[in-house]
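Down below is the structure, laid out as C-alpha cells.
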Amino acid sequence: MESTVLSIATGSSEVVRSITDECREFLTSIGAADGLLHVWVPHATAGVAVLETGAGSDTDLLESLEHLLPRDQRWVHRHGSPGHGRDHVLPALIAPHATVPVLAGTMALGTWQSVCLVDTNGDNHQRSVRLSFLRG
C-alpha cells in the first residue's frame, strides 16, 4: 500500500472543498494502475463526500447540514465556538472516509462526481487528509 498525507487549508468558515485534483496527482505520482484509493480524514469534526460541486450541490449540502445540525446551544459537547458540538456529530452523517475504485490509473468517478473534504468546524483552519492506494 502506498500512502501520503495532504495538508488542506479550510479557513474559518464551513466548506465543501474538492480534493479531486490532489487525488489525481497522488495516483499519477505513484504510477497507479488498478486498485482502490482510500481517502481518510483523521479529525473528529470533518468528513469525506463524493458529490457534484460547482452547480450548487456543495451549498445545498452545507444548508442541509445546518438544518439537520443547527449551530445553537442544544449540544452537550460545548467547547470551542458556539454550537461547536454539531461539528462533532458531523462524521456520523458524512463519514470521515471514502473508497474510490481506480481503473488504469484513473478514479472511476461519474462525470460530475468529485471527492470532497467537508469541514463545518471554523475553529480548525488546516486539515490533514490521508490518501492510501491499494494496488489490485
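The values are calculated or read from the model by the stated rules, or taken from the named source; none is laboratory data. Because the structure is a prediction, the values reported are computed rather than measured. Please note: Cβ atoms are built from the backbone with ideal geometry, for glycine as well, and neighbour counts cover all protein chains shown. The accessibility values were calculated without ligands, DNA or RNA, using every heavy atom of the protein model including side chains. Shrake-Rupley method; radii C 1.70, N 1.55, O 1.52, S 1.80 Å.
A compact table of results
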quantity	calculated
Filter result for Ala44 (more than 23 Å from Ser12 (Cβ to Cβ) and in a loop (DSSP other than H, G, I, E, B))	no
From the options Ala108, Ala98, residue that is among the small types (Gly, Ala, Ser), under 20 Å from Val5 (Cβ atoms) and touching a strand residue (DSSP E or B) at 6+ places or on another chain (Cβ under 8 Å)	Ala98
Condition check for Val39: under 13 Å from Leu109 (Cβ atoms), touching a residue at least 12 places away in the same chain (Cβ under 8 Å) and part of a strand (DSSP E or B)	yes
Close pairs (8 angstrom Cβ cut-off, 6 or more residues apart or separate chains): hydrophobic (A, V, I, L, M, F, W, C) in region 53-80, in a loop (DSSP other than H, G, I, E, B) and exposed (fewer than 13 other Cβ atoms within 10 Å of the Cβ) anywhere	Ala55/Trp112
Residues (surrounded by 11 or more Cβ atoms within 10 Å (Cβ to Cβ) and assigned to a helix (DSSP H, G or I)) located in region 62-74	Leu62, Glu63, Ser64, Leu65, Glu66, Leu68
Looking only at region 103-136, and only at residues there that are more than 17 Å from Thr28 (Cα to Cα) and free of Cβ contacts under 8 Å to residues at least 40 places away in the same chain, the one that is least open to solvent (accessible area, probe 1.4 Å)	Gly110
Residue in region 75-82 that is among the aliphatic types (A, V, I, L, M), open to solvent by 30 Å² or more (accessible area, probe 1.4 Å) and closer than 20 Å to Arg17 by Cα present	no
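Rundown of residues vs (1) at pLDDT 95 or above; (2) surrounded by 17 or more Cβ atoms within 10 Å (Cβ to Cβ); (3) closer than 20 Å to Thr120 by Cα, yes/no style:
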site: Ser13; (1), (2), (3): no, no, yes
site: Arg17; (1), (2), (3): yes, yes, yes
site: Ile30; (1), (2), (3): yes, no, no
site: Asp34; (1), (2), (3): yes, no, no
site: His38; (1), (2), (3): yes, yes, no
site: Asp60; (1), (2), (3): yes, no, yes
site: Pro96; (1), (2), (3): yes, yes, yes
site: Pro101; (1), (2), (3): yes, no, no
